[in-house]
Amino acid sequence: MAISKGNNGCGAAQPYSSEPGAGSTIRPVDFDSHPVVRRTYNCSTIQLEELARRVASWINAGVQQAVIFAPAGTGKTQGIRFLNIHLSTQFPEVGFVEMPAGSVLGAHGRDRSFLEKHVMELVLRTGQRSVVLWIDDSQLLDPPAENSLRRLQDQLKGSGIRLLTVLLGHPRVRILNQKWVPYASDSPAFVPSVPKEEFELHGIRSATELEHCLKTFDNDCFPSDSGWSYTRFSLPRAYLNGLRLAAHAGDLWQVFVDADRATGMDTTTEVPMLYFARTIEYALIEGSTRDGENMSMDREFWERAVLQSGWVEGQGLRNLTRASCRAEALC
């Protein structure tokens with residue numbers, strides 16, 4: 001379980017001796033400390049920004065439960081990190097708590113008040129009167145676990161604390177929205193589940209969406225306010241010569257599309273954030289060893305980056321997953 005109180009979204013500021021000039025190629029901090037190398041960065045997407053607006057509306061409206069669903073690899077975990085950073089700034093009075101589904105599943109078996117105790121501890125520690133509880137892999141939840149969540153809702157409400165429970169998981173998590181579950185194990189009566197808002201999180205579906213993501217790397221800085229964007233940090237010489245990742249959005253998107261078509265499946269290309277992130281990490285980390293004024297990110301370069309991401313090998317499995325998902329009327 002973790003609670004987020006937010007930061008500036010550009011990576012935590014690190015100490016360095018002096019700020020390099022605009023024309024410097026000497027990195028302000030060690031390369032291995034960069035968020036891209038450590039895979040701790042946040043990438044803004046058009047859909048995550050829309051999701052942030054949606055969750056903000058849920059908070060303002062006092063919604064009690066919501067569902068965010070997507071196939072594996074689409075970026076749900078990264079999305080939580082992005083939302084925590086941006087929403088905690090917008091809602092400083094709200095605590096954002098992350099919890100795996102396994103903690104909820106074990107709650108009713110260990111202690112009826114397990115969830116209440118742990119969430120209340122976090123509330124008391126932060127002093128916030130509203131809580132957003134993210135539960136990842138929520139497709140694993142069962143009726144007793146949902147009962148535990150409902151008891152938690154009542155417990156906090158009785159203490160004057162608002163709770164928004166957000167279930168994140170595979171599209172099967174939507175089935176929870178259709179179940180009738182017993183409110184308590186000692187009650188024979190059945191009541192409907194709490195009505196849920198829904199949001200489908202998808203991967204990158206166009207060159208425009210891809211360009212939006214690439215601009216994050218061209219604009220976000222590490223250390224914060226240093227003038228060293230992620231692109232400049234990895235490729236300082238090429239950057240000073242005008243290289244920007246966003247300018248390659250069309251070429252990179254076409255590589256993804258062509259690789260998708262090579263599988264023989266007649267589907268619309270959708271790139272999960274997992275594979276996009278791996279592609280850009282390769283481009284920046286491997287590209288740093290080739291940095292120079294004349295560095296070129298041509299089609300061959302992007303083909304290698306996409307290949308290294310695992311996109312080609314994983315595409316067949318993803319297509320089977322889509323077909324199975326549609327057959328179950330879950331996608």
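Checking each residue of the stretch 105-121 against the condition of being in contact with a strand residue (DSSP E or B) (Cβ under 6 Å, 6 or more places away or on another chain), at pLDDT below 80 and either of a type in the set (Lys, Arg) or assigned by TED's automatic domain parsing to the domain that holds Asn60 (or both) gives no match.
Condition check ((1) surrounded by fewer than 16 Cβ atoms within 10 Å (Cβ to Cβ); (2) closer than 21 Å to Gly75 by Cβ; (3) not β-branched (Val, Ile, Thr)) across all residues:
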{"site": "Leu201", "(1), (2), (3)": "no, yes, yes"}
{"site": "Arg205", "(1), (2), (3)": "yes, yes, yes"}
{"site": "Leu210", "(1), (2), (3)": "no, yes, yes"}
{"site": "Trp228", "(1), (2), (3)": "no, no, yes"}
{"site": "Ser234", "(1), (2), (3)": "no, no, yes"}
{"site": "Gln254", "(1), (2), (3)": "yes, no, yes"}
{"site": "Arg261", "(1), (2), (3)": "yes, no, yes"}
{"site": "Gly264", "(1), (2), (3)": "yes, no, yes"}
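Of everything listed in (1) β-branched (Val, Ile, Thr); (2) surrounded by fewer than 18 Cβ atoms within 10 Å (Cβ to Cβ); (3) touching a strand residue (DSSP E or B) at 6+ places or on another chain (Cβ under 7 Å), the single unmet condition for Val271 is (2). Each residue in the stretch 281-306 was checked for being in a helix (DSSP H, G or I) and among the small types (Gly, Ala, Ser), and 4 of them qualify. Of all residues in the stretch 223-251, those satisfying the criterion of being touching a Ser or Thr at 6+ places or on another chain (Cβ under 8 Å) and in contact (Cβ under 8 Å) with a residue 60 or more places away in the chain are Tyr230, Ser234, Leu235, Pro236, Arg237, Leu240. You will find that of Val191, Val166, Val173, the residue that is at pLDDT 75 or above, in contact with a Phe, Trp or Tyr (Cβ under 6 Å, 6 or more places away or on another chain) and under 27 Å from Gly102 (Cα atoms) is Val166 and no other.
The values are calculated or read from the model by the stated rules, or taken from the named source; none is laboratory data. Treat the numbers as computed from the prediction; the structure is a model and nothing was measured. Note that we place each Cβ from the backbone using ideal geometry, even for glycine, and neighbour counts take in every protein chain shown.
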